[in-house]
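What follows is one structure encoded as structure tokens, with my remarks underneath.
The values are calculated or read from the model by the stated rules, or taken from the named source; none is laboratory data. These numbers come from a predicted model, not from an experiment. Heads up, the Cβs are rebuilt from the backbone with ideal geometry, glycines too, and the neighbour counts pull from every protein chain shown. Just so you know, the surface numbers come from the protein's heavy atoms only, side chains and all, with ligands and any DNA or RNA stripped out. Shrake-Rupley method; radii C 1.70, N 1.55, O 1.52, S 1.80 Å.
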Amino acid sequence: MPTETAVALAGETDRAEWDRYVASHPEAVGYHEWAWRGVFERTFGHRSVYLIAKAHGQVQGVLPLVDMRSRLFGRSMTSLPFVNYGGVLASSDAAARTLLEAAIGEARARGSKHIELRHFVRRFDALPVKQHKVTMRLPLAAGMWERLDRKVRNQVRKAEKSQLVAAQGGAELLDDFYRVFARNMRDLGTPVYSRRLFEEVLGAFPGRARLTVVRLGELPVAAGLSYRTGAITEVPWASSIRDYNSLCPNHLLYWRIIETAQAEGCETMDFGRSTPDEGTFKFKEQWGAVPVPLYWEYWLRDGGAVPDQSPKNPKFRLVVGAWQRLPLPVANLLGPRIVRSIP
């Protein structure tokens, strides 16, 4: 007799069971952990829809979703917004389908136009999919310095000879990190996240989330937030001030993060997602990182084309150009109000 799987909305009483399941699942990523629910809710004010599937009292799968409400893009549900990965985590295809069906029911009830699931694998063949992004991963091993391309080693040395110095820590470095991050986002024409996002991440994952800041004298010129889950260290957010690119601050930034990851026993450095053949992709590739395909799968309430909310969408070109010309204080004030609606 087949086992019947039931799906329910998970609440705080399910937290320990949820995290035990995530910790035991080989396909889980750090963003599946319960603590991210609070990060999203406190930072952006969106409601979370966390679905848990059980059979005979045992967890068979989980699906964390965030209910996005936007005047610009309408209502949607994403797993997960603002970060690189998410999606369905299940012990069987049947449990995965049951979670998807429950998510569709929630989406219809809430008036959502679509569901976006950010997967490492093609989970649902019947759903439309975008394969516009990859993540870049570098295996870490003994003798990592010698394994790097000679050009990369020379650029790290150039940064050091240019009197750049890297510091690592937590909330005490947040002002410097955010100063670099906000400037870079404005220069790219992209609304910036609020400072609170990074405060929340550092607070939710002490010992696992870390800031690295590269300075020229007292001036921060590059910065990144790294996030460790098991044997993987990921860099979901990193920036530099382009005026100092000739000094190679990004190379020193990533090398210090790699050194720390190895010292903590990590086996993989995840440089985060990129668009193939663009500038950030090529930067990560020169370290020896290899692309891993990502599959963004969609349920569309009314059919049609999958949504494109990327700043590279041609219809946003004028907006991007105008944003780049904003005074930095204005961009920092307006950015968090806008970006909360862009997953």
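Residues that are modelled with pLDDT of 95 or more and outside any helix (DSSP H, G or I) were ranked within region 28-47; the one that is surrounded by the fewest Cβ atoms within 10 Å (Cβ to Cβ) is ALA28. The residue list GLY335, GLY303 contains one member that is more than 19 Å from ALA182 (Cα to Cα), open to solvent by less than 50 Å² (accessible area, probe 1.4 Å) and either modelled with pLDDT under 90 or not in a helix (DSSP H, G or I) (or both), which is GLY303. Out of the residues in region 142-172 meeting the condition of being without any contact (Cβ under 8 Å) to a residue 60 or more places away in the chain and under 25 Å from the mean Cα position of the chain (by Cα), tell me which one is surrounded by the fewest Cβ atoms within 10 Å (Cβ to Cβ). Checking each candidate, the answer is GLU172. Considering region 210-258, and only residues there that are in a helix (DSSP H, G or I) and without any contact (Cβ under 8 Å) to a residue 24 or more places away in the chain, the residue that is nearest to ARG186 (Cα to Cα) turns out to be ASP243. Picking from LEU117, LEU99, which residue would you name as being within 22 Å of GLU234 (Cα to Cα) and surrounded by 19 or more Cβ atoms within 10 Å (Cβ to Cβ)? Just one listed residue meets the conditions, LEU117.
Among the residues here, LEU211 qualifies as under 20 Å from the mean Cα position of the chain (by Cα), farther than 21 Å from LEU80 by Cα and crowded, with 22+ Cβ neighbours inside 10 Å. Considering region 1-17 alone, what residues qualify as being in a helix (DSSP H, G or I), farther than 25 Å from ARG108 by Cα and not basic (Lys, Arg)? Answer for region 1-17, where residues must be in a helix (DSSP H, G or I), farther than 25 Å from ARG108 by Cα and not basic (Lys, Arg): THR13, ALA16, GLU17. Out of curiosity, is SER92 more than 16 Å from the chain's Cα centre (by Cα), buried (at least 20 other Cβ atoms within 10 Å of the Cβ) and not basic (Lys, Arg)? It is false that SER92 is more than 16 Å from the chain's Cα centre (by Cα), buried (at least 20 other Cβ atoms within 10 Å of the Cβ) and not basic (Lys, Arg).
When region 240-274 is filtered for residues that are farther than 18 Å from TRP145 by Cβ and either open to solvent by less than 30 Å² (accessible area, probe 1.4 Å) or of a type in the set (A, V, I, L, M) (or both), the ones remaining, listed by number, are SER240, ILE241, LEU247, PRO249, ASP270, GLY272, SER274.
Checked against (1) of a type in the set (Gly, Ala, Ser); (2) modelled with pLDDT under 95; (3) open to solvent by less than 50 Å² (accessible area, probe 1.4 Å); (4) farther than 24 Å from TYR244 by Cα, GLY189 passes all but a single condition, namely (4).
Only residues that are in a strand (DSSP E or B) and either surrounded by fewer than 22 Cβ atoms within 10 Å (Cβ to Cβ) or among the basic types (Lys, Arg) (or both) were counted in region 51-67, giving 4.
Just one of the listed residues (GLY111, GLY87) is open to solvent by 30 Å² or more (accessible area, probe 1.4 Å) and out of contact with any helix residue (DSSP H, G or I) (no Cβ under 7 Å at 6 or more places or on another chain), namely GLY111.
In region 64-71 there is no residue matching the filter, namely being of a type outside the set (Asp, Glu) and over 25 Å from GLY111 (Cβ atoms).
Checked against (1) farther than 23 Å from PRO128 by Cα; (2) touching a Ser or Thr at 6+ places or on another chain (Cβ under 7 Å); (3) open to solvent by less than 20 Å² (accessible area, probe 1.4 Å), MET77 passes all but condition (1).
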